[in-house]
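Written out below as structure tokens is the structure these notes cover.
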Amino acid sequence: MRIARYDDNRFGLVEGDEVIDVTSALSALPAQSYPFPRTDLFVEHFEKLRPAFEAAAKTGTRRKLKDVKLLSPVANPGKIVAAPVNYKKHLEEARADAGIHHQQQVGEIQKVGLFLKATSSVIGAGETILIRHDDRRNDHEIELAVVIGKTADRVSKEDALNYVAGYAIGLDMTIRGPEERSLRKSLDTFTVIGPWFVSADEIGSPSGLDLELTVDGEARQNANTRDLVLDVPTLISWASSFYTLHPGDVILSGTPEGVGPVLAGNTIRATIAKVGTMDVKVGHI
Ligand code: MN
């Protein structure tokens with residue numbers, strides 16, 4: 001099942017090039033009051049909502065996807081966990097290119113660990129990435145985004161995929177430079193999640209998925225998730241050995257080689273097999 005969030009917080013079932021409004025199904029979500037939970041309610045209750053989404057789709061209003069504004073399908077991720085240099089060829093290109101490594105030693109992921117991006121950086125495919133530091137190199141990074149569906153605390157690799165609700169395309173936008181990753185990657189609009197949420201059953205194994213990114217039609221990144229240094233189950237298991245993962249937490253699994261700069265006016269087209277394609281505009285704040 002593919003679910004999009006769009007326009008004024010509508011929820012829709014994605015079918016072909018259309019989205020069917022199933023927002024009414026969300027009335028089944030439990031009422032909340034302050035202090036609100038840090039989980040994402042849609043993701044937490046996704047399996048229970050499925051039949052209601054299917055029922056609502058029978059009579060829901062259909063719109064062309066190209067006519068709606070896609071928002072992040074995860075509205076309230078509790079944390080964005082991200083994997084640095086998790087493809088071997090990207091590690092090699094980062095070490096070879098001073099514009100990427102900025103005289104810092106680029107360590108292997110097993111040594112440098114994971115990092116966190118601010119949740120305030122999240123946007124959807126229909127929003128615009130906004131450059132604020134023109135004097136710096138602002139790079140694209142396409143990544144498979146893993147959406148956690150169940151509370152995961154110290155889970156094993158073997159069991160890890162049972163905690164995944166679904167997947168999306170992630171863009172881990174990055175300013176190159178000497179500062180900590182969490183600063184350079186947490187600017188407003190620098191985490192794109194989209195174009196929609198695809199439930200885990202539609203993807204099956206997250207290994208073996210082609211990823212492709214172009215900028216204004218120019219090929220930049222083209223790889224496959226089978227080349228991840230730490231695969232998705234290992235990332236989940238490792239992350240959950242440090243902190244509990246909650247429903248709606250998103251893991252950005254790392255970017256392959258071919259990262260490069262974008263400028264205001266560019267359009268990024270990102271595709272992941274079995275997930276979809278999204279066009280994301282780059283602008284200026
Ligand atoms: Mn990244």
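Observations, loosely collected:
- Choice from 146, 229, 112 with maximal GNM fluctuation in the chain (Cα, 10 Å cutoff): 112
- Sorted largest first, the principal axis extents computed over the alpha-carbon atoms of the stretch 119-274 equal 44, 29, 27 Å.
- Tail weight of P(r) past 18 Å, computed on alpha-carbon pairs of the stretch 12-63, percent: 37 percent
- Difference of contour (0.36 nm per residue) and Cα-Cα distance, residue 243 to residue 54: 64.6 nm
- Tail beyond 24 Å, pair distance distribution of the chain (Cα, percent): 47 percent
- DSSP bridge orientation in the chain - percent antiparallel, rounded to nearest 5: 85 percent
- For the stretch 189-200, backbone phi angles converted through the Karplus equation (6.51, -1.76, 1.60; θ = phi - 60°) give residue-by-residue couplings of 6, 8, 10, 9, 10, x, x, 7, 8, 10, 5, 4 Hz, Gly and Pro being listed as x.
- Shape of the stretch 103-196, Cα gyration tensor, a/c cut at 1.5: oblate
- Modelled FRET efficiency - R0 30 Å, residue 98 with residue 281, Cβ distances, 0.05 increments: 0.55
Rule-based calculations on the coordinates, nothing more; no lab input. Since we're looking at a predicted model, the values are computed, not measured. Glycine gets a Cβ as well: all are built from the backbone with ideal geometry, and neighbour counts include every protein chain shown.
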